[in-house]
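Please read the structure below before turning to the comments.
The values are calculated or read from the model by the stated rules, or taken from the named source; none is laboratory data. No experiment lies behind these values; they were computed from the predicted model shown. Every residue, glycine as well, gets a Cβ built from its backbone with ideal geometry; the counts of neighbours run over all protein chains shown.
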Amino acid sequence: MENLAILLLVIFLVAMPMAYCVKEGAEEVDEWFDKLPYAKQKVTKLHFFFHDRFAGKHNRTAVRVAHGPETDKSPTSFGLVFIMDDPLTERMNPTSKELGRAQGLYAFSGQDELSLLMSFNLVFTTGEFNGSTLTVLGRNPAVPHREMPIVGGSGVFRMARGVASAKLRSFNMTTVSMGEVDQAFIQSIEHRANLDNIEIEGIPLIDLSLSHTTDINLLVSEIGNACKNWGFFQVINHGVPLELLEKIKVAAKAFFDQPVEEKRKVKRDEVNAMGYHESEHTKNVRDWKEVFDFLIKDPSFLPASPETEDDEIRTLSNQWPETPPQFREVCQTYAREVEKLGYKLLELISLSLGLPSNRLNGYFEDHTTMMRLNHYPPCPCPELALGVGRHKDAGALTIVAQDDVGGLQVRRKSDDVWVPVKQTPNALVINVGDTIQVWSNEAYESMEHRVVVNSERERFSIPVFFFPSHYVMVKPLEELVNEGNPPKYKPYNFGKFFVARNRSDYKKLEVQNIQISDFKII
């Protein structure tokens, strides 16, 4: 995904005096004006597509040139200015015949609502209008249909007036109108990222090679402290082959670099829950990312609905794309290696809780573990959107491979500060999920985390979510509760909890999504 773009269908209704043919030069212009009183007015309707590419490594057609002192804090990006030189095409496809360019600027001019001030020329470069221009100046609100005034022109369109009607035709993270970020992506002010670089102590880094030595107790202690104080840690010497780590990152990029039409051949929806998806929501705000999901166990099984009286079970199966070559093989090989690591970590966490190493294994006999490829494209307004909004993971463990771009942040338990997860070469990021929080009766806590985006570089990450069997009733482990430490949660069915949590992946909900706090015993 090289570029982000907004695609508009633009229809121009133009009225202009037709004083014979238009000629250039001083004498010709004087002659044109002499004949103007006798000229008839002609109405012309123009129809074309407007492509605004405002992010990516190459071929940008709009660049950010200025912002105000309060732009980063503004809910509407008030004061942000872009200069554009956008292609105008005959058809929706950006490779169709180019008719001209839209050259000028747009500025975010609304303090209370998302709207733009547009000032640009349409410069026609082919056909009967070659060399002529139209000038547009006016307000462009962030609504599906927009109208902007045509205030003048040159050449064939000399003294033109009229109206430009624009309709958003595409916003798909590959080719998206006029430099704006759709309101579906905009975070409320209190949840936006601080993009300033800050130096802060990161999450613990743990060497798993100690598990093969007499220092196993030291390793168990380190993992226990990390789970208790952070809910996050990184591991090195984890056993996943490093060449495989590189292969899965290459495979992820190769998949997402394909045309969106190719990716949508394995599109995920509420019926086929595995595959490609480009409009996931977190806490009712759309994430700035696209994903590809697949199951480690294929097929796997989940409840058909979150309703307690509904006993129907549905079968989930993977969808695999035909391209890129060897994509499926690399993904499945990597997933098997990470699955081994997942069981190893579950055993170490069990030991850290004072339990037998295999205490948690039985919950994963028919596990519904899922692997995901994440792609976070460059964002034109990273101060407004998030790659993934603040959330906690529903499962037991998450194991994440990430590139060197950065963006993952963890809310520190001690003071609620958002801490960046530093990129450690060849390390994997581990976090405990809601399920372990409940099993441990809050000895360990699932911490909120999020992903911030940037305007320059795309980012890739590959998480594996360790989910127990769908029929598991999640509750505090009996060995960890007593009269002085009674159960803090009521039991709940993992499969139904997971299905309820995932309802917001496809649409905005009217109520807050289900959380483990809904099962908390007060």
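Apart from one condition, ASN284 fits all of (1) surrounded by fewer than 21 Cβ atoms within 10 Å (Cβ to Cβ); (2) under 17 Å from the mean Cα position of the chain (by Cα); (3) at pLDDT 95 or above; (4) not basic (Lys, Arg); the exception is (3). Of all the criteria given as (1) within 28 Å of VAL235 (Cα to Cα); (2) within 26 Å of the chain's Cα centre (by Cα), the one not satisfied by GLU347 is (2).
For THR424, the stated conditions do not hold, so it cannot be described as at pLDDT 95 or above and either among the hydroxyl-bearing types (Ser, Thr, Tyr) or over 17 Å from LEU205 (Cα atoms) (or both). The residues on offer are ILE223, ILE236, and the sole one that is modelled with pLDDT of 95 or more, closer than 30 Å to GLN515 by Cα and in contact with a strand residue (DSSP E or B) (Cβ under 7 Å, 6 or more places away or on another chain) is ILE223. Answer yes if at least one residue in the range 377-385 is modelled with pLDDT of 95 or more and buried (at least 22 other Cβ atoms within 10 Å of the Cβ), and no otherwise. No, every residue in the range 377-385 fails to be modelled with pLDDT of 95 or more and buried (at least 22 other Cβ atoms within 10 Å of the Cβ).
Selection of first residues in the range 401-419 that are outside any strand (DSSP E or B) and of second residues that are aliphatic (A, V, I, L, M), restricted to Cβ pairs under 7 Å at least 6 apart or on distinct chains, gives the following pairs, ordered by first then second residue: GLY407/VAL451; GLY407/VAL452; GLY407/VAL453; ARG412/VAL419; LYS413/MET447. In this structure, GLU246 does not qualify as among the charged types (D, E, K, R), at pLDDT below 95 and within 30 Å of CYS331 (Cα to Cα).
Here GLU347 fulfils each of the conditions (1) under 22 Å from ILE206 (Cα atoms); (2) crowded, with 21+ Cβ neighbours inside 10 Å apart from (2). Looking only at residues that are hydroxyl-bearing (Ser, Thr, Tyr) and part of a loop (DSSP other than H, G, I, E, B) in the range 77-130, which one is surrounded by the most Cβ atoms within 10 Å (Cβ to Cβ)? Going through the qualifying residues, I end up with SER77. Residues in the range 450-461 include none that are surrounded by 22 or more Cβ atoms within 10 Å (Cβ to Cβ) and assigned to a helix (DSSP H, G or I).
Rundown of residues vs (1) assigned to a strand (DSSP E or B); (2) in contact with a strand residue (DSSP E or B) (Cβ under 7 Å, 6 or more places away or on another chain); (3) outside the structural domain of SER461 (by TED's automatic domain parsing); (4) over 19 Å from THR368 (Cβ atoms), yes/no style:
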{"residue": "TRP288", "(1), (2), (3), (4)": "no, yes, no, yes"}
{"residue": "ASP293", "(1), (2), (3), (4)": "yes, yes, no, no"}
{"residue": "PHE301", "(1), (2), (3), (4)": "yes, yes, no, no"}
{"residue": "GLU309", "(1), (2), (3), (4)": "no, no, no, yes"}
{"residue": "ARG314", "(1), (2), (3), (4)": "yes, yes, no, no"}
{"residue": "ARG328", "(1), (2), (3), (4)": "no, no, no, yes"}
{"residue": "THR333", "(1), (2), (3), (4)": "no, no, no, yes"}
{"residue": "GLU339", "(1), (2), (3), (4)": "no, no, no, no"}
{"residue": "LEU345", "(1), (2), (3), (4)": "no, yes, no, no"}
